[in-house]
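Computed from the coordinates by the stated procedures, all read-outs in this text should not be read as laboratory data. Everything quoted here is computed from the prediction, not taken from an experiment. Positions of Cβ are backbone-derived with ideal geometry, glycine not excepted, and every protein chain shown enters the neighbour counts.
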Amino acid sequence: MATSSPRTTGENPAGQRRRDAAGTRQLLLDAARRRFADHGYTGTTVRDIADEAGVNVALISRYFSSKEGLFEACLVGAVDELSHAVARDVSLERLPHVIAEQLAGTGLGSRPNQFLLLLRSSGDEQADQIRRNTVRSFAERLATASGWRPGHPDGDRIMLRAQVALATGFGIVLLRSSTGLEPLSSASPQDLLAPMQDLIDGLLRERGPR
């Protein structure tokens, strides 16, 4: 009786399953980030996310434990991408370029909805703490580019101005995404660069003691 020869080519089933799992998880993350950013945490259901991702809703529990766990994973992903784009040691001269690219959704690792995601509250304390820490961290990066350091004698003034600059950026994202206000909504990074340069110069560039 002839026996079949062992398979020497083709996909390893275990490896295929691992790749399928990773792909499915990423589909859920991408769909969740869009949904949470556009509709908010309470306005998004796990069924919405699963349907947009094209997978079984039960897989959300398998990969993320819960809706809260998925939201937290989305925040962590957004934080990682933004952290690569807005380096802690970015110079004040480079800062307007980086911000303009991120606001327009064209910068390194940039997604148009990740700033919106950082504005969404879930009611889950752990996820919301990640969100607050991230916003605080970006404000510190802006302030650091202006010379702020912990214990700086003028630190509160510098930090406030950095937070105002950050709030302006978030406001731009909200208006671009929700109002269709022109020319802001269709502005390119180059279009945004000059206004951002004026904003950063006015708020963060030192002009001596006040």
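The Cβ shell under 13 Å around ARG131 holds other residues with a net charge of -2, Lys and Arg each +1, Asp and Glu each -1.
Can you tell me how the range 137-195 classifies by the Cα gyration tensor, rounded, prolate or oblate, using a/c under 1.5 as the rounded cut? Prolate shape, in that a/c is at least 1.5 and a/b is the bigger ratio.
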